[in-house]
Every structure is written in structure tokens, then in C-alpha cells.
Amino acid sequence: MVVLHQREGQIDARADPGGGEVPPVARWVERVRLDRAQQLLLDGHSVTSAAQHSGLGSDETLRRAFARHLGTTPSEYRRRFGTTSATAAAPLLTEPGDRGE
């Protein structure tokens with residue numbers, strides 16, 4: 001498991017000190033954090049707990065990341081994939097723009 005203890009802004013600054021487009025490392029970091037949040041939700045964590053333990057920080061940041069990458073909310077994701085039989089089949093984000101469908 002990858003543990004990221006730096007805020008995304010700190011990583012962005014190191015990856016692209018001149019500003020500009022979001023560097024690939026920032027997108028990768030968000031995907032890693034989102035994958036972790038998905039697993040935490042399936043393991044029974046609350047939305048708040050999943051946001052904090054995945055490194056996304058807040059419920060709102062987690063909701064925005066879910067909407068952007070998966071087209072759903074964290075609560076709906078858990079309802080849809082949180083059963084024992086569906087847990088193994090739950091899609092994890094693998095590519096930018098992959099909506100897990």
C-alpha cells in the first residue's frame with residue numbers, strides 16, 4: 001500500500017514549480033487516494049472516515065472525486081457494491097476518465 005502524507009498542493013509545487021497544467025503525478029495521487037477510499041467504504045468505513053484515512057481529507061473532497069472519476073456518490077457506491085457478492089466485482093479506478101462501469 002502506498003501512503004501519501006503530503007497534500008496534493010505540495011506535490012504539485014514540486015512537480016511543476018512554474019504553475020500550469022496539473023502534473024500527471026497529481027492525477028496519480030488522486031487515483032491512489034480514491035482507490036483507497038473505495039476499499040475503505042466497502043470495508044464499512046463512514047464517508048468521513050474514508051475521506052480522512054485515504055488522504056482526501058474531507059467529505060466534500062471525497063464526493064467531488066467520486067463524481068469526477070466514478071460518476072456517483074460515495075454512499076451510492078457503497079450501496080451498489082457493498083454486498084458480499086458484489087465486493088469482489090466492485091470496479092476500482094484504473095485509468096483517468098474510467099467511470100468504473
Filtering region 46-55 down to residues that are over 18 Å from R79 (Cβ atoms), buried (at least 21 other Cβ atoms within 10 Å of the Cβ) and without any contact (Cβ under 8 Å) to a residue 24 or more places away in the chain yields S54
Looking at this structure, is A50 small (G, A, S), modelled with pLDDT under 95 and not in a loop (DSSP other than H, G, I, E, B)? no
Single match in F66, F81 (criterion: at pLDDT 95 or above and either surrounded by fewer than 12 Cβ atoms within 10 Å (Cβ to Cβ) or among the aromatic types (F, W, Y) (or both)): F66
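The values are calculated or read from the model by the stated rules, or taken from the named source; none is laboratory data. All values reported here derive from a predicted model rather than from experimental measurement. Note that we place each Cβ from the backbone using ideal geometry, even for glycine, and neighbour counts take in every protein chain shown.
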